[in-house]
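Presented below is the structure to which this report refers.
Just so it is clear, none of the values below were taken in a lab; they were calculated from the coordinates. Values in this document were obtained by computation on a predicted structure and should not be read as measured data. Note that each Cβ is placed from the backbone with ideal geometry, even for glycine, and that neighbours are counted across all protein chains shown.
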Amino acid sequence: MINFKSIIKETEKRLKLPLPGTSAHLKMASDIRLSELTDGYDIPNADKSSVLILLYPYSDSIYFVLIKRQNNNSVHSGQISFPGGRMEDTDSSYFETAMREANEEVGINLNEVTIIGSLTELYIPPSNFLVFPVISYMETRPELTPNKNEVAEIIEADLLALINTDNVKWKEIEVRGVKLETPYYSINGHTVWGATAMILSELVAVMKPE
């Protein structure tokens, strides 16, 4: 049996140490993202956004929530991501943004969520978003309800399986008419790549330091 509280406590400690950041992100970066690193971006003028990584005990493991976005012709249409979105003027912090968006998209009960820290911010060139990943947990499996306007599917993923199994794969995908080679995680039959995979890579590195 896993000791969920002990793992969460240790993760909270590690989040206060220097984070792996870019070194972890690059492990799951596509060839296009690697070439983009030489470009200059006006990151101070990026749109601020935040995502919520919600950890919870389930089936003698630790699970987290991903969503498949609706196909609506947006930049990230149909892709797999964490619940989250743009920071609003009424949000007092990135933490509030992550919590608000998670509540709106999958109906998480915010009264049962505890925030323990955050990962390294990540810039996403196609959407001009600077994303702040917020780490949180619940003591029990949440009741999740998708916002059908934004969420096509809720995906509950086993984090310990991701940590303990080398399931990083490579393949060619086509995005907006452009073919690219990219590493990805295969999670519940879904291809998780791009910014979501890069954020997950840092989470894995934090929870399983070399």
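The figures follow:
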{"item": "Choice from PRO44, PRO20, PRO183 showing the highest fluctuation, given a GNM over the chain with Cα pairs closer than 10 Å", "result": "PRO44"}
{"item": "Simple Cβ-charge dipole of the chain, Lys/Arg +1 and Asp/Glu -1, about Cα centre, in debye nearest 20", "result": "380"}
{"item": "CD proxy at 222 nm, helix term only [per DSSP H run n ≥ 4: -39500 (n - 2.57); per residue of the chain; nearest 500]", "result": "-7500 deg cm²/dmol"}
{"item": "Sequence of LYS148, LYS171 once ranked by neighbouring C-beta atoms within 10 Å, starting from the fewest", "result": "LYS148, LYS171"}
{"item": "Ordering of 121-129, 139-147 by packing [mean C-beta count within 10 Å, highest first]", "result": "121-129, 139-147"}
{"item": "Sparse-neighbour loop sites [chymotrypsin sites (Phe, Trp or Tyr not before Pro); the stretch 41-71; at most 13 other C-beta within 10 Å; DSSP]", "result": "TYR41"}
{"item": "Convex hull projection area averaged over all views, the stretch 1-123, Cα basis, nm²", "result": "9.9"}
